[in-house]
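Some notes on the structure that comes next.
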Amino acid sequence: MKELVEVIAKALVDHPDEVNVTEKEDGRDVTIELRVAPSDMGKVIGKQGRIAKAIRSVVKAASLESGKFVDVQIIE
């Protein structure tokens, strides 16, 4: 999942070298933290959070087979 979020984020931002994705696993719960340059926050979040919701939907669909609950957090 980490790689999926990283590929999506790097395609959206102007500074792909500043994209940092970390994954924390706690039993069945997985938290993916996405950090981008401050100037790229709007591109990752989108108008009314639409891009962020889309990223979360794609990751959720990709994680269905694993049986884990995956949460994506966008951190400034």
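Derivation of every value follows stated rules applied to the coordinates shown; laboratory data play no part. If you're wondering where the values come from, they're calculated on a predicted model, not measured in any experiment. FYI the Cβ positions are ideal-geometry reconstructions off the backbone, even for glycines, and counts take in every protein chain you see.
Data overview
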read-out	value
5 angstrom amide H check on VAL72, placed H, neighbours 5+ away	ILE32
Computed magnitude of the charge dipole of the chain (debye, nearest 20; Cβ of K, R +1, Cβ of D, E -1)	420 debye
Stokes-Einstein D (µm²/s) once Rh is taken as the Kirkwood radius of segment 2-75 over alpha-carbon pairs, at 10 °C in 1.306 mPa s	128 µm²/s
Angle between the chain longest axis and helix 2-12 axis [Cα atoms, degrees, rounded to 10]	20 degrees
Paramagnetic label zone (point 7 Å from Cα along Cα-to-C-beta, LYS47; backbone N under 11 Å) in segment 1-39	none
In degrees, nearest ten, helix 50-62 long axis to first principal axis of the chain (Cα)	30 degrees
